[in-house]
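Written below as structure tokens is the structure these notes are about.
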Amino acid sequence: MKTYKYTINGNTYEVTINEANDTTANVTVNGEDYKVEWEKPKEEKPVIKVQPVKAKPATTPTAATATTPSTAVNGHAIKTPLPGVIIDVKVNVGDEVKKGTTVVVLEAMKMENNINTDRDGKVVAVQVAKGDTVADGAVLVVIE
């Protein structure tokens with residue numbers, strides 16, 4: 001059993017957690033017993049984007065050779081500082097951006113976080129879309 005004291009809007013509550021499992025808990029609040037129920041959280045799995053690799057005979061690459069965006073793009077990567085869900089992408093490939101421009105809005109820990117550029121440049125790749133779940137350090141946008 002663990003006991004906690006909470007003050008909410010000036011009211012003090014003494015809460016004792018008597019028993020808890022994945023979706024319910026039996027608690028005592030200021031001497032009254034309660035059964036607390038909640039939904040089991042959905043497991044958030046990181047989104048892993050896989051680009052198919054096709055075996056090709058050894059040849060010298062030409063300008064017409066198609067490559068995946070992850071290998072074709074050179075430039076400065078704007079990465080996410082923490083895992084979360086992309087709720088808005090503010091730029092498109094070809095956009096000119098200035099230092100401090102918001103390129104992506106990321107929801108993490110129930111807060112919206114603006115991800116901004118750290119330099120001027122041109123957007124050469126957008127690696128995420130609205131609704132994507134991203135891991136810490138994932139490349140969001142590439143600027144040249």
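Please pick out the residue among 63, 72 that is at pLDDT below 70 and either open to solvent by 100 Å² or more (accessible area, probe 1.4 Å) or charged (D, E, K, R) (or both).
63
Mind checking which residues of segment 125-144 are assigned to a loop (DSSP other than H, G, I, E, B) and touching a Ser or Thr at 6+ places or on another chain (Cβ under 6 Å)?
Result: 138, single match.
Given the options 36, 50, name the one that is at pLDDT below 85, open to solvent by 100 Å² or more (accessible area, probe 1.4 Å) and either among the aromatic types (Phe, Trp, Tyr) or within 28 Å of residue 108 (Cβ to Cβ) (or both).
Only one candidate qualifies: 50.
I need a count of the residues in segment 103-123 that are part of a strand (DSSP E or B) and open to solvent by 40 Å² or more (accessible area, probe 1.4 Å).
Qualifying residue count for the region: 7.
The values are calculated or read from the model by the stated rules, or taken from the named source; none is laboratory data. The structure presented is a predicted model; accordingly, all values stated were derived computationally and were not measured. Glycine gets a Cβ as well: all are built from the backbone with ideal geometry, and neighbour counts include every protein chain shown. Please note that ligands, DNA and RNA were not included when accessible areas were found on the heavy atoms of the full protein model with its side chains. Shrake-Rupley method; radii C 1.70, N 1.55, O 1.52, S 1.80 Å.
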